[in-house]
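S.K.: There's a structure below that I have some questions on.
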Amino acid sequence: MTESKPALDPIGLEILSNALRSITDESFVALMKSAYSTNIKERHDHSTAITDPAGRLVVQAEESLPIHIASMMGLMDSLLGKFGGEVREGDIFVANDPHVAGGTHLPDINMAMPVFVDGELIAFACNIAHHADVGGMAPGSMAGGMSEIYQEGLRIPVVRLFREGVLQQDLFDLLLLNVRVPEERRGDYYAQIAACQLGRRRLLEVIESWSATTVTAAFDEIIERTKARMRAAIAGIPDGTYRFEDVMDDDGLGNTMIPIRLEVTKKGDAIRFDFTGTASQVPGNINVTMNATIASVCYGLKALLDPDVPNNEGMLDIPDIVAAKGTLLNAAFPAPVAARANTCQRIIDVVLGALAEAMPGRVVAAGNGANTTAVFAGTDPRTGRGYVYLETLGGGMGARPTGDGKDGVQVGITNTSNLPVEAIEMEYPLRVEEYSLVADSGGAGKYRGGGGLRRVVSPVGHDCLFNGAGERFSNRPWGLEGGRPGGSGQFILEGGAMAPRRLDDKPSGVMVTPDQHIVVETPGAGGWGDPKERDREALAEDRQSGKFSDAYLHEYYGDELMGDSADD
């Protein structure tokens with residue numbers, strides 16, 4: 001081990017903190033560039049991080065997903081609880097199970113590799129990647145209609161995939177045997193393994209430059225500074241109690257209008273989020289484990305108070321969260337959780353909704369509030385091999401107190417891109433007939449909400465299956481300060497001899513023939529402020545852009561405003 005250096009001053013700490021961040025950023029890019037599946041290499045549905053020896057999150061890559069902070073936390077708690085002092089140099093651990101291994105749903109495969117210096121455990125290099133399929137009853141492992149965790153795919157407890165540098169081939173074979181498209185899964189696993197090894201090498205290089213003692217001391221300081229920064233931001237919220245509630249559309253098994261209730265109590269620099277009154281866990285797969293609830297609450301706080309604060313353990317330590325075991329937001333085994341991201345988005349909505357009263361003029365209207373999932377699966381007629389195309393599509397971003405919401409983007413706890421049409425048609429036997437914005441889906445207001453996405457997809461030369469998971473299909477995203485709700489989403493099966501048919505919000509096993517297509521429309525977002533206060537030039541642009549019909553503009557903005565803009 002190299003000689004210790006003096007304690008870091010603020011400038012030195014910032015330099016070292018950025019060096020650590022660069023490791024996670026490089027690992028993120030390496031995983032992305034070496035992955036096989038479009039879900040990772042194109043949509044970037046993965047994250048990388050460094051934790052300290054106690055499993056505390058120190059640094060997360062800039063482009064990582066906020067929801068993955070929950071899985072990082074859960075994986076390390078489970079790993080250290082199970083293996084403790086038996087961690088060895090060259091080990092790589094893998095896990096995904098939400099009930100025994102700290103995951104949030106099965107498609108997110110977590111990996112962690114210890115980093116040793118002179119025989120002493122210094123850190124872990126970690127990553128998570130969403131695999132397009134992990135087995136189970138439906139291709140893509142994300143469809144509605146699943147009623148227990150066993151139906152959702154292969155459950156992996158925390159196990160050693162590598163033992164002191166040696167791949168455990170029997171275990172790897174078992175993992176690949178239980179999934180569809182094993183060749184793609186193998187490639188994505190290898191990409192994660194390579195990212196772990198790269199993170200370890202780069203961290204050792206930083207330690208060589210700074211010393212292990214300095215680096216580990218910096219871990220503590222980075223976490224404590226984040227905590228202090230968030231405490232100071234929370235102190236700026238007026239003391240008081242604030243309440244809000246919203247509902248989930250349905251769980252895919254007949255249960256509808258499922259409430260999420262929140263009471264926020266703020267005093268000094270402490271804040272408590274009490275979800276008492278929220279529904280019990282449901283038979284369908286929209287349940288959430290406690291670590292995902294924590295990540296969602298932390299995201300809402302970070303987005304509202306200090307978007308630039310680093311994502312690390314200092315952020316996670318801030319809120320006091322109450323959610324009873326066995327409820328929707330703290331689900332107990334064997335609850336299914338595949339579509340948990342939709343519920344996480346609604347948690348963020350209620351957090352922001354509650355704090356809108358405390359911080360008027362700071363909170364955005366509700367975004368699309370969903371993680372609209374579309375899965376197409378079948379046998380590629382060109383190769384005779386199976387395929388699974390999975391995508392979670394963005395929608396509208398809520399209008400802001402200072403401007404319009406963005407169109408067709410991921411909001412809240414997800415941070416992925418929308419898959420390019422070219423990537424879909426090159427990789428899969430599918431044709432994208434249309435890719436556009438949903439007209440009239442942005443809620444009216446002084447500032448309008450963002451528009452939802454419309455994607456029309458048909459199979460080429462074969463029949464395929466479609467599975468989906470949607471939210472905000474019945475309950476529209478709300479507006480603020482007089483802003484109107486955004487548009488809702490929907491799935492439609494069209495074409496062939498059948499009349500167009502609107503599908504359930506969480507369809508599973510829908511057969512699609514080459515003369516048919518699936519229409520996926522994602523929700524828009526709420527508006528902010530009284531529509532009568534909208535700028536006339538902005539209204540003229542709304543009309544010219546084609547994002548809104550004349551009928552919609554006249555209905556929400558009135559004939560007087562639109563009469564002037566109609567001549568533009």
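The values are calculated or read from the model by the stated rules, or taken from the named source; none is laboratory data. This is a predicted model, so every value here is computed, not measured. Every residue, glycine as well, gets a Cβ built from its backbone with ideal geometry; the counts of neighbours run over all protein chains shown. Note: areas computed on protein heavy atoms with side chains; ligands, DNA, RNA excluded. Shrake-Rupley method; radii C 1.70, N 1.55, O 1.52, S 1.80 Å.
S.K.: Taking 8 Å as the Cα distance limit and 6 or more residues as the minimum spacing, I'd like the relative contact order of the chain as a percentage. Display every interim value, and only then the final one.
M.R.: On the way: 1571 pairs, mean separation 75.4, N = 568.
Averaging sequence separation for qualifying contacts and normalising by length gives 13 percent for the chain.
S.K.: Continuing with this model, one more query. Restricting things to Cα coordinates, could you compute the convex hull volume per residue of the stretch 491-568 in Å³?
M.R.: Convex hull of Cα atoms, per residue: 136 Å³.
S.K.: Rounded to whole Å, give me the distance from the Cα center of the stretch 457-531 to that of the stretch 145-164.
M.R.: 30
S.K.: Determine the distance separating the Cα centre of the stretch 332-370 from the Cα centre of the stretch 40-58; give it in Å without decimals.
M.R.: The distance from the Cα centre of the stretch 332-370 to that of the stretch 40-58 comes to 23 Å.
S.K.: For the stretch 279-303 and the stretch 408-440, what is the separation of their Cα centres, given in Å?
M.R.: 26
S.K.: How would you order 82-93, 22-33, 507-518 from highest to lowest mean count of nearby Cβ atoms within 10 Å?
M.R.: Numbers: 82-93: 15.2, 22-33: 20.8, 507-518: 18.7.
Top of the packing list down: 22-33, 507-518, 82-93.
S.K.: Could you work out the local net charge near residue 482, counting Lys and Arg as +1, Asp and Glu as -1, over the other residues with Cβ closer than 14 Å to its Cβ?
M.R.: Values: positive: 446, 448, 484, 532, 534; negative: 481, 530, 533.
Once all neighbours under 14 Å are counted, the net charge is +2.
S.K.: Once you have all Cα-Cα distances for the stretch 78-220, histogram them in 10 Å bins from zero and send the whole-percent values.
M.R.: Whole-percent P(r) values from 0 Å outward: 11, 39, 31, 14, 5, 0.
S.K.: Please list 165-172, 113-120, 70-77 highest first by mean number of surrounding beta-carbon atoms within 10 Å per residue. Mind dumping the intermediate values first?
M.R.: On the way: 165-172: 12.2, 113-120: 17.0, 70-77: 26.6.
Top of the packing list down: 70-77, 113-120, 165-172.
S.K.: Right, here's the next one. I want to check a number: in the chain, how many lysine pairs have alpha carbons closer than 29 Å, given a sequence separation of 8 or more or different chains?
M.R.: Number of lysine pairs found: 28.
S.K.: Take the Cα radius of gyration of the stretch 316-380 and divide it by 2.2 N^0.38 Å, with N its residue count; two decimals is plenty. Let's see the in-between values first.
M.R.: Numbers: Rg = 16.2 Å, N = 65, 2.2 N^0.38 = 10.7 Å.
So the Cα radius of gyration is 1.50 times the expected 2.2 N^0.38 Å.
S.K.: Can you give the FRET efficiency for residue 89 and residue 54, using 1/(1 + (r/R0)^6), R0 = 22 Å, r = Cβ-Cβ distance, to the nearest 0.05? Could the numbers behind the result be given before it?
M.R.: On the way: r = 18 Å, r/R0 = 0.82.
Working from the Cβ atoms, E equals 0.75.
S.K.: In addition: With every protein chain present, what is the per residue accessible area of the chain (1.4 Å probe, Å²)?
M.R.: Working: 20360 Å² over 568 residues.
Computed with neighbouring chains in place, this is 36 Å² per residue.
S.K.: Here's another thing I want to ask about it. One-quarter of the Cα convex hull surface for the chain, in nm²?
M.R.: Details: hull surface 104.0 nm².
Averaged projected hull area, Cα only: 26.0 nm².
S.K.: Tell me which DSSP H helices of the chain clear both cut-offs, 30 Å or more of axial length from alpha-carbon atoms and a mean Kyte-Doolittle hydropathy of at least -0.5. Don't jump to the answer; show the numbers that get you there.
M.R.: Numbers: long enough: 10-34 (36 Å, 0.52); 182-210 (42 Å, -0.73); 212-235 (35 Å, 0.18).
Answer set is 10-34, 212-235.
S.K.: Binning every alpha carbon pair distance of the stretch 367-525 at 5 Å from zero, what are the percents per bin?
M.R.: P(r) for the stretch 367-525, in whole percents per bin: 2, 10, 19, 21, 18, 13, 8, 5, 3, 1, 0, 0.
S.K.: Ignoring ligands, DNA and RNA, what percent of the accessible area of the stretch 21-78 is carbon or sulfur (1.4 Å)?
M.R.: Carbon plus sulfur share of accessible area: 50 percent.
S.K.: Using a 1.4 Å probe on the protein heavy atoms, what percent of the accessible area of the stretch 81-199 belongs to carbon and sulfur? Write down the numbers at each step before the final one.
M.R.: Values: 1890 of 3750 Å².
After summing per-atom areas, the C and S share lands at 50 percent.
S.K.: Take every Cα-Cα distance within the stretch 56-114, group them into 5 Å bins from 0 onward, and report for each bin the whole-number percent of pairs it holds.
M.R.: With 5 Å bins starting at 0, P(r) equals 4, 18, 30, 25, 16, 6, 1.
S.K.: In what sequence, highest mean first, do 148-154, 526-532, 365-371 appear when ranked by Cβ atoms within 10 angstrom? Working shown, then result.
M.R.: Details: 148-154: 20.4, 526-532: 24.1, 365-371: 32.9.
The densest-packed peptide leads the list: 365-371, 526-532, 148-154.
S.K.: In whole percent, and with a 1.4 Å probe on the protein chains, what portion of the accessible area of the stretch 405-475 is carbon and sulfur? List each step's numbers first, then the result.
M.R.: Numbers: 1060 of 2250 Å².
Solvent-exposed carbon and sulfur of the stretch 405-475 make up 47 percent of the total.
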